[in-house]
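The values are calculated or read from the model by the stated rules, or taken from the named source; none is laboratory data. Predicted model only: the values in this text are computed from it and were never measured. Cβ sites come from the backbone with ideal geometry, for glycine too, and all protein chains shown count toward neighbours. Side chains included, ligands, DNA and RNA excluded: accessible areas come from the protein's heavy atoms. Shrake-Rupley method; radii C 1.70, N 1.55, O 1.52, S 1.80 Å.
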Amino acid sequence: MVYLTRREHFNGAHRLFNPDWTEEQNDEVFGKCANKNWHGHNFDVFVTVKGEPNPDTGFIMNAHELAKIMKREIVERLDHKNFNMDVPELKGVLPSTENVVKQIWKWIAPHITTCQLHCIKLVETENIYVEYYGETS
Ligand code: NI
């Protein structure tokens with residue numbers, strides 16, 4: 001089994017807040033990410049697929065094809081967007097990095113047909129990233 005990873009980059013804005021909580025509770029839990037007037041992050045997203053190399057190409061998946069899928073399904077949807085307001089699939093969802101990576105999986109998975117989607121890693125800051133393997137529990 002061989003694993004292939006492709007990276008893409010995008011910028012996005014969000015605000016993390018729970019409308020059922022007071023402002024103080026939101027500030028305590030979400031810190032700067034609760035800022036009323038939004039803030040942005042520079043995200044890196046890594047999509048890893050796995051499989052056996054095709055004898056005709058030597059590839060488990062053409063990396064250019066993976067790049068096209070990631071640009072179309074992730075970058076075009078999220079780059080320079082406000083995750084709370086501009087992304088229909090995130091309406092009513094707390095747009096944490098955890099929830100965004102799960103949505104990215106839903107966008108990408110149907111397009112990985114010649115091998116298997118293994119992991120999506122979403123890097124929010126140089127010190128924080130999340131990884132999702134498609135597990136639901
Ligand atoms: Ni934030």
Subject >> Residues of the chain: accessible area per residue with a 1.4 Å probe, Å² >> reply: 60 Å²
Original post:
segment 2-33 to segment 101-137: how many Å between their Cα centroids?
Top reply: 16 Å
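Using a 1.4 Å probe over the heavy atoms of the protein chains, calculate the carbon and sulfur portion of the accessible area of the chain as a whole percent.
Numbers: 4070 of 8280 Å².
Of the solvent-accessible surface of the chain, carbon and sulfur hold 49 percent.
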**OP:** At 0.36 nm per residue, minus the direct Cα-Cα distance, what do T22 and N127 gain on full extension? Give it in nm, one decimal, please.
**Re:** 35.0 nm
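With a cut-off of 8 Å between alpha carbons and a minimum separation of six or more residues, what is the relative contact order of the chain in percent?
Numbers: 224 pairs, mean separation 41.0, N = 137.
Normalised by residue count, the contact order of the chain is 30 percent.
Just to be sure I understand: if I project the alpha-carbon convex hull of segment 2-132 onto a plane and average over all orientations, what area do I get in nm²? Show your work: numbers first, answer last.
Numbers: hull surface 32.8 nm².
Over all viewing directions, segment 2-132 projects a mean Cα-hull area of 8.2 nm².
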Original post:
Of R15, R7, R72, which has the most accessible area with a 1.4 Å probe, and how do the rest follow in descending order?
Top reply: R7, R72, R15
Original post:
Which one of H41, W21, I69 is farthest out on the positive end of the charge dipole of segment 1-87, using unit charges on Cβ (Lys, Arg +1; Asp, Glu -1) and the Cα centre as origin?
Top reply: I69
Original post:
Using helices alone, what [θ] at 222 nm do you get for the chain, with -39,500 (n - 2.57) per DSSP H run of 4 or more residues, divided over all residues and rounded to the nearest 500?
Top reply: -6000 deg cm²/dmol
Original post:
Along the positive direction of the dipole of segment 2-132 (beta-carbon charges: Lys, Arg +1; Asp, Glu -1; about the Cα centre), which of V87, G51, Y129 reaches farthest?
Top reply: G51
